Amino acid sequence: MRKVQKVAIVRAASLNNGEMQNYLPLVNKYEVLAIGSQKGAYEFNLPIKTRKLICFGEALSMVPKGIAMLYYVFGDPQGIIGLEKVISGYDIVSTVERTNYYTLQAVRAKKKGLVKRVVVTCWENISGLHQQHSAQRRMKEEIAIGADWFIAGTHMAKKVLLEEGVSEKKITVIPFGINLDQFCPQTGDKRFMSHFGIPINRKKVLFAARLVREKGIREFFFAARKIVKKRERGIMFLVTGAGNEESWLKEIAHKERLSDNFIFIPHLPYDTLNKVYLASDVFVLPSIPTENWQEQFGLVLVEAMACGTPVIASETGSISEVVGNAALLVPPKDINALADAIEKVLETSHLRSSMRQQGLQRVRRCYDRNMIADRIDKLYQSLL
């Protein structure tokens, strides 16, 4: 009988349902272990065997300047205590990014002969970051040489890998996929809408992302204000997510007397997230690039398109690569262009229908998680 091959997926605090759904189809073929951290930042409850270990940063979080010390010494606080012992004997160890110390731990475990292959998934789409930091620079260089393969989440991420010295011979572009049985066109859930006070007979614009500055939440508000004051007040703006801009948004909506046009939905479990897309007429992600970050993928874009919800987004980072011709793109920070695009989609039924069909076609062609899992499987088999 053939021995079942073992795959360890190391994500530390980043272990989450959104990404891991791409590996779920592999559990019937491989012995899969997901490795997270004790204080994970995201929801994870998929039926995959899981170990939660302690990260360096978690161990030193209460020590004055402990995190700063980890950055100085290691280049990153996400080293994992006991990782080498847990992954010993695995055929494939999957990690994320060359700037996470646990990736270096995996590469060094391979050098010791403890694991067979290390595959690193990379989303970073800005070249040259962290080069001034000697520990991070050395870590990236060692990983570039020592890892067996790199999965670039986008072609922009592949370009960065090439510019930073990774051999093109060991890079494959494989994006995120989603569960198209969950994220698919269907009738809106009236019970869900009633529970959150979402009116059925009014047009609704959705923002679903972290409520932080770089996701464009302020631009979303100011575009909404322009639309409401220019037109009638019947349009509803739905906001779901969590972040440090939440209090600002609620306060300014109240101050501007727009509270009746906003519905704040608490952070939703991943298995119910599709319901808010289905309740909406248009989805908006007005991301803003910063010095050290630009939108690397935007899984919410794919989820919205899969539900048949038209998408409007900023033309920044990897967004245009992800949505292709299936969305309307506007310049970052351009509130007037954003408001005009929202009005255009809401007012033009044939445009909404066209965007819906283009989005569905693109998702089915590019982002079916079963197809993505098959590509990952083929890559793994080529390495073993």
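For M305, what charge total do you get from the other residues with a beta carbon under 9 Å from its beta carbon, if Lys and Arg give +1 and Asp and Glu give -1?
In short, +1.
Just the Cα atoms of the stretch 3-120: what Rg and Dmax do they give in Å?
That works out to 14.1, 48 Å for Rg and Dmax.
With +1 assigned to the C-beta of every Lys and Arg and -1 to the C-beta of every Asp and Glu, and no other charges, what is the dipole magnitude of the chain about the Cα centre in debye, to the nearest 20?
Using only the charged Cβ atoms, the result is roughly 600 debye.
Going by amide H atoms built from the backbone, whose H comes under 5 Å of the H on V311, apart from near neighbours?
Amide H neighbours of V311, under 5 Å, 5+ apart: F283, L328.
Within the stretch 172-267, which GluC sites (Glu not before Pro) sit in a loop by DSSP and count at most 11 neighbouring Cβ atoms inside 10 Å?
E232
Distance between Cα centroids, the stretch 40-98 to the stretch 351-384: provide it in whole Å.
One Cα centre to the other: 30 Å.
Order these by the 10 Å Cβ neighbour count, fewest first: R225, R202.
R202, R225
Which of C55, C184 has the fewest other C-beta atoms within 10 Å, and how do the rest follow up to the most?
Placing the least packed residue first, the sequence is C184, C55.
Straight-line reach from K203: which lysines have Cα under 20 Å away, leaving out those fewer than 8 places along the same chain?
Within the straight-line limit of under 20 Å, K203 reaches these lysines: K190, K226, K229, K230, K275, K344.
Using a ≥ b ≥ c from the Cα gyration tensor of the stretch 253-314 (square roots of the eigenvalues), is it rounded, prolate or oblate, where a/c under 1.5 gives rounded and otherwise the larger of a/b and b/c decides, a/b for prolate?
Oblate is the answer for the stretch 253-314, as a/c is 1.5 or above yet b/c matches or exceeds a/b.
Can you put T316, T240, T187, T172 in order of Cβ neighbours within 10 angstrom, beginning with the fewest?
Least crowded to most crowded, the residues run T187, T172, T240, T316.
Let me have the 222 nm mean residue ellipticity of the chain computed from DSSP H runs of 4+ only, each contributing -39500 (n - 2.57), with the sum over all residues rounded to the nearest 500.
Rounded to the nearest 500, the figure is -11000 deg cm²/dmol.
PRE reach from K170 (point 7 Å along Cα→Cβ): which of the stretch 102-120 fall under 11 Å by backbone N?
Under cut-off, by backbone N: 107, 111, 117-120.
What is the distance in Å between the Cα centroid of the stretch 286-350 and that of the stretch 215-262?
Taking the Cα centre of each part, the stretch 286-350 and the stretch 215-262 sit 18 Å apart.
Got a sec to turn the phi values of the stretch 120-130 into Karplus ³J(HN,Hα) couplings, 6.51 cos²θ - 1.76 cosθ + 1.60 with θ = phi - 60°, whole Hz, x for Gly and Pro?
10, 8, 10, 10, 4, 10, 10, 7, x, 5, 6
Given N residues in the stretch 113-176, what is Rg(Cα) / (2.2 N^0.38 Å)?
My calculation over the Cα atoms of the stretch 113-176 gives 1.09.
Within the chain, what's the longest stretch lacking chymotrypsin sites (Phe, Trp or Tyr not before Pro) that sit in DSSP loops with no more than 15 other Cβ atoms inside 10 Å?
43-292
Could you name the aspartates and glutamates in cross-link range of K111, using Cα to Cα under 19 Å and dropping any fewer than eight places away on the same chain?
List returned: E84, D91, E97, E141, E142, D148.
Give, as a single signed number, the net charge of other residues whose beta carbon lies under 13 Å from the beta carbon of L249, with Lys and Arg counted +1 and Asp and Glu -1.
+2
Give the cross-link partners of K159 among the lysines, using a straight C-alpha distance below 18 Å as the criterion and excluding same-chain residues fewer than 8 apart.
K140, K169, K170
For the stretch 190-366, what value does the Rg/Rh ratio take when both radii are computed over Cα atoms and Rh is the Kirkwood radius, given to two decimals?
My calculation puts Rg/Rh at 0.93.
Of the listed values [x] 19.8; [y] 21.1; [z] 18.4, identify the label whose number matches mean projected area of the Cα convex hull in nm² calculated from this model.
[x]
Among D368, D189, D148, whose mean-square fluctuation peaks in a Gaussian network model of the chain (Cα, cutoff 10 Å)?
Per the Cα network of the chain with a 10 Å cutoff, D189 tops the list.
State to the nearest 20 debye the size of the charge dipole of the stretch 4-155 about its Cα centre, where the only charges are +1 on K and R beta carbons and -1 on D and E beta carbons.
It works out to roughly 420 debye.
Can you tell me the relative contact order of the chain? Whole percent, Cα pairs under 8 Å, sequence separation 6 or more.
Answer for the chain is 14 percent.
By how many nm would the segment from N28 to N201 lengthen if fully extended, with 0.36 nm per residue of separation less the alpha-carbon distance?
Using 0.36 nm per residue and subtracting the Cα-Cα distance, I get 57.8 nm.
Just to be sure I understand: with springs between alpha-carbon atoms less than 10 Å apart, which residue in R98, R257, R51 has the highest mean-square fluctuation in the Gaussian network model of the chain?
Largest GNM mean-square fluctuation: R257.
Only the coordinates and a few stated rules stand behind these numbers; no lab work does. As the structure is a prediction and not an experimental result, all values here were calculated from the model. Every residue, glycine as well, gets a Cβ built from its backbone with ideal geometry; the counts of neighbours run over all protein chains shown.
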